[in-house]
1. Residue by residue through the stretch A:251-260, note down the ones that are part of a helix (DSSP H, G or I) and either touching a helix residue (DSSP H, G or I) at 6+ places or on another chain (Cβ under 7 Å) or more than 9 Å from chain B (Cβ to nearest Cβ) (or both).
2. Six or more apart or on different chains, Cβ atoms under 6 Å: show the pairs whose first residue is in the stretch A:6-30 and of a type outside the set (Ser, Thr, Tyr) and whose second is assigned to a strand (DSSP E or B) and within 16 Å of the ligand (Cβ to nearest atom).
3. Just to be sure I understand, how many residues within the stretch A:85-117 are open to solvent by 40 Å² or more (accessible area, probe 1.4 Å), assigned to a helix (DSSP H, G or I) and either under 13 Å from A:PRO64 (Cα atoms) or in contact (Cβ under 8 Å) with a residue 40 or more places away in the chain (or both)?
4. Pick from A:THR28, A:THR67: which is open to solvent by 30 Å² or more (accessible area, probe 1.4 Å), hydroxyl-bearing (Ser, Thr, Tyr) and more than 14 Å from the ligand (Cβ to nearest atom)?
5. Sort out which residues of the stretch B:236-249 are open to solvent by less than 10 Å² (accessible area, probe 1.4 Å), without any contact (Cβ under 8 Å) to a residue 40 or more places away in the chain and not hydrophobic (A, V, I, L, M, F, W, C), and write them in order of number.
6. Touching a strand residue (DSSP E or B) at 6+ places or on another chain (Cβ under 7 Å) and not small (Gly, Ala, Ser) - does that describe any residue in the stretch A:183-196?
7. Under 6 Å between Cβ atoms, which residue pairs at least 6 apart in sequence (or on different chains) link something in the stretch B:203-215 that is closer than 20 Å to B:GLY229 by Cα with a partner that is hydroxyl-bearing (Ser, Thr, Tyr) and more than 8 Å from the ligand (Cβ to nearest atom)?
8. Looking only at residues that are more than 12 Å from the ligand (Cβ to nearest atom) and either more than 10 Å from chain A (Cβ to nearest Cβ) or assigned to a loop (DSSP other than H, G, I, E, B) (or both) in the stretch B:252-276, which one is most open to solvent (accessible area, probe 1.4 Å)?
Amino acid sequence: MEIAVLLKQVPATESLIEITDDGISIKTDDIKWVINPYDEFAVEEALQIKEAHGGSVTIISVGPEKTTEAIRTALAMGADKGILINDPAAEGCDGLSTARILAAVLKETPFDLIIAGQRAVDDDNFQVGPAVAEFLGIPNISMVIKQEIIDAKIRCHGTIDGGTVILEAPLPALFTTQRGLNEPRYASLPGIMKAKKKPIDIKTLADIGLEADRIGKPLTRIVAMQIPPERKGGRMITGDSAQAKAVELVRILHEEAKVI
Amino acid sequence: MSQGVLAIAEQIEGVFRKVTYEALSEGRRIADRLNCDLTAIILGADLDNISKELGQYGADRIIVAQSPTLSEYLTDAYTTVIADYINKENPAVVILGASTQGKDLSARLSARLNAPLAMDCVAIRFEENNIIATRPMYGGKILADIALDGNPQILAIRPNAMTITNTAGAGSIEKLDTDTGNMVLQFIEKSLDTGKVELTEADTVVSGGRGMAGADFTVIEELAQLLDGAVGASRSAVDEGWRPASDQVGQTGKVVSPNLYIACGISGAIQHLAGMSSSKVVVAINKDPEAPIFSKADFGIEGDLFEIVPLIAEQVKKLKGRI
Ligand SMILES: Cc1cc2nc3c(=O)[nH]c(=O)nc-3n(C[C@H](O)[C@H](O)[C@H](O)COP(=O)(O)OP(=O)(O)OC[C@H]3O[C@@H](n4cnc5c(N)ncnc54)[C@H](O)[C@@H]3O)c2cc1C
């Protein structure tokens, strides 16, 4: 089973996000960068599938040079090798052009299974996984919490609003991860040592046979960014007893806020 | 020349998702601004009884793609039918709900059609004649305005973010001959949590965190039920195995924007706030007066949730004349 994991390096979720002077990007100086949490589930699941079925796990990413840190972490968890597309022309890509680049890498080296995070928690775009599958002409199943591979087919439990659905697809296929799929392992010390010797191929767009103009110009552009007005603390409901506080809260919610 | 607005309706077991009405209403506003028609498209196996309802939310035409092969949402079949229709009719704007299904469908459609997609929009406006879509990024820490180049402009709108508007009109119904193409995805089965209000669509969400101290969420469930709301949870409550992952609110869970969010025994970590900050009114119940959640809540009660929440439920019952 040859498995590819699509991985992005993103700001840690506890990061303070600030807007730069250009108004359309964020300040990156003080940010701690981590593997996108949904991609961690993807790495873990790929490793479990490899452990059960044999094969290898390749981490594929598009990003700046420092992305190798995130790839190295995935290698320390147990993945076999990494491919990073690092090209100035790939900066400022939207979801669709990123998907096009990833699809070009995946066309070069065929995989039986591709696993991607349902979304990256920076852009929150939910687009790359299904778009890569579309460009490769293979099926995708979104937001998977459980999977099973039998005879060149994958059966996935996907979450839908208000329930779950079980779908089956012939391999090669792509699925995206949802919380509940697994608990990602930590890299062990021997794992970290081994990862230092594992290969990370850093390639340009030309290396994967993609001329910069073929990735298409971004179809979506950020024209402005703002920090949403911060929620302010309001009133503490006071009262002589718990009973009195409950009465007062319900009165306020009904009469003033009009939400019940 | 692309023209017209196409809204993709979503139904499950013969019931429209609430976000479908939101997408149609917003689609109507866009169509009025562009001075063009709003067309709704609906896919499924058994649609005769529900299709006409779409006219009440502003659709001039209702395209019904009815076929046994469309009985369940399958990415490949639905993408093919809708993409073929779009290629034929060439709408300028495609709008749909960013439900789980809508996210999957819109992402795949954008790739098939090489069309710009603004995912999970919370507001849509015009600057001159161009659409600007506002969407949260970085777990809601940023609101970004997005311009879209190319056609059609696909707008997937976040549930509970836009207003539903009823219109008197009744749209004309047209049947669409469907060719689902080569389908490789196979539907095996589905299970729905019957009787539960979907978290992302609920008007009220009552959430419990580590303060619940166990899997017994009865006090939360009772209050949620009284308010016709849904039950949510913090990641800690999910990690403890007290609640299913589908209940998790936050940056790595669901994003909810109800009218009323009641956080019980939740400290207010930044990742949790990312999932509920856009709620209209937030109430926090926590025994720690220093809990950060109080600085983000409109109303706070300091106290033991096991004492306070049932008392609130009592009051709500009285209010609703159920006692
Ligand atoms: C990558 C990443 C992603 C994450 N994603 C999410 C996410 O999506 N959603 C999320 O929620 N978290 C997320 N977290 C976790 C988050 O950082 C917090 O750990 C979590 O939200 C804490 O949950 P809690 O508030 O229930 O628990 P705690 O922080 O332990 O708070 C429990 C609260 O309950 C109060 N309490 C205890 N007993 C009572 C009682 N009897 N009555 C009243 N109050 C009581 C306490 O005073 C305390 O304030 C994420 C973390 C990381 C690193």
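1. The initial filter retains those residues of the stretch A:251-260 that are part of a helix (DSSP H, G or I), namely A:251-256.
Of everything in the stretch A:251-260, those that are part of a helix (DSSP H, G or I) and either touching a helix residue (DSSP H, G or I) at 6+ places or on another chain (Cβ under 7 Å) or more than 9 Å from chain B (Cβ to nearest Cβ) (or both) turn out to be A:HIS254, A:GLU255, A:GLU256.
2. Note: pairs meeting the criteria are A:GLN9/A:TRP33; A:ALA12/A:VAL34.
3. Here is the first cut: in the stretch A:85-117, the ones open to solvent by 40 Å² or more (accessible area, probe 1.4 Å) are A:86, A:88-89, A:91-92, A:100, A:107-110, A:112.
With assigned to a helix (DSSP H, G or I) added as a condition, the list becomes A:88-89, A:100, A:107-108.
Retained after the next criterion (residues that are either under 13 Å from A:PRO64 (Cα atoms) or in contact (Cβ under 8 Å) with a residue 40 or more places away in the chain (or both)): A:88-89, A:100, A:108.
So the count comes out to 4.
4. Values: A:THR67 fails: open to solvent by 30 Å² or more (accessible area, probe 1.4 Å).
Only one candidate passes the filter, namely A:THR28.
5. Step one: list which residues in the stretch B:236-249 are open to solvent by less than 10 Å² (accessible area, probe 1.4 Å), which gives B:237, B:247-249.
Filter again for without any contact (Cβ under 8 Å) to a residue 40 or more places away in the chain, leaving B:237, B:248.
Within the stretch B:236-249, just B:GLN248 meets the criteria.
6. First pass over the stretch A:183-196, keeping only residues touching a strand residue (DSSP E or B) at 6+ places or on another chain (Cβ under 7 Å): none.
For the stretch A:183-196, residues touching a strand residue (DSSP E or B) at 6+ places or on another chain (Cβ under 7 Å) and not small (Gly, Ala, Ser): absent.
7. From the stretch B:203-215, the pairs are B:VAL205/B:TYR261.
8. Selected residue: B:ASN259.
The values are calculated or read from the model by the stated rules, or taken from the named source; none is laboratory data. These numbers come from a predicted model, not from an experiment. Neighbour counts are summed over all protein chains in view; Cβ atoms, including those assigned to glycine, are modelled from backbone coordinates with ideal geometry. To get the accessible areas, we keep the full protein, side chains included, count just its heavy atoms, and leave off ligands, DNA and RNA. Shrake-Rupley method; radii C 1.70, N 1.55, O 1.52, S 1.80 Å.
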